[in-house]
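Presented below is the structure to which this report refers.
FYI, it's all coordinate maths here, none of it is from the lab. Bear in mind that the values here come from a model prediction, so they are computed numbers and not experimental data. Cβ sites come from the backbone with ideal geometry, for glycine too, and all protein chains shown count toward neighbours.
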Amino acid sequence: MDVLVLIGRILFVLLFLNSGVGHLVKTQALSGYAAARGVPAPGPAVIGSGVLMLAGALSVLLGIWADLGALLLAVFLFPTALLMHSFWKETDPGARQIEMSAFFKDVSLGGAALMLMAFFSSVGGDLGLTITRPLFDIS
């Protein structure tokens, strides 16, 4: 089971590692997009969300307080779904569909992150291939 969980952790965090680096490397372009979506203080928001994604993803990947890392990813995903992918505001059918897909992707990944948080918190001490035990104990 340990190897399967490790493979799952690696695959789960790929999106967040890639996006987190992108937020820090392409801050200006992404800040413009965030500003267009009405995000307050878009520059700091892009940098902060990039750091949040990287911290959460590396925590899950390396198994260093992986429960906290999963929670950080959920904290990133739910507000992002609401702020960046408000499909209900779109009038163009194509744009509405794209934003709806992105919204539900973020909500679904947020749900998966919450499940990982619960999983690591309740099983993490017995789960191999992690560096630390979980930070939270919800068993």
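Quick notes on this structure:
- The range 2-126 - Rg over Rh from alpha carbon coordinates, Kirkwood radius: 1.01
- Among F103, F136, a tally of other beta-carbon atoms within 10 Å of each Cβ gives an order, fewest to most, of F136, F103.
- Counting only trypsin sites (Lys or Arg not before Pro) that DSSP places in a loop and that have at most 16 other Cβ atoms within 10 Å, the longest clean stretch of the chain runs over 38-139.
- Where only DSSP H runs of four or more residues are counted, the chain gives -26000 deg cm²/dmol as its mean residue ellipticity at 222 nm, each run worth -39500 (n - 2.57).
- Over all other residues within a Cβ to Cβ distance under 14 Å of M115, the charged ones net out to 0, with Lys and Arg as +1 and Asp and Glu as -1.
- For the chain, built as a Gaussian network whose Cα springs stay under 10 Å, the top-fluctuating residue of D126, D106, D67: D126
- Coupling constants for the range 91-106 follow from the phi torsions by the Karplus curve (6.51 cos²θ - 1.76 cosθ + 1.60, θ = phi - 60°), and in residue order they are 9, 6, x, x, 5, 4, 5, 4, 5, 5, 4, 5, 4, 6, 5, 5 Hz; glycine and proline get x.
- Residue by residue, the range 18-31 carries 3J(HN,Hα) couplings of 4, 5, x, 4, x, 5, 8, 8, 10, 4, 5, 5, 5, 5 Hz when phi is fed to the Karplus relation 6.51 cos²θ - 1.76 cosθ + 1.60 (θ = phi - 60°); x denotes Gly or Pro.
- Residue-by-residue Karplus 3J(HN,Hα) for the range 122-134, coefficients 6.51, -1.76, 1.60, Hz, glycine and proline x: 9, 10, x, x, 9, 8, x, 6, 10, 8, 10, 6, x
- The range 101-139 versus the range 1-77: alpha-carbon centroid distance in Å: 14
- Among T91, T27, T80: highest mean-square fluctuation, GNM of the chain, C-alpha pairs under 10 Å: T91
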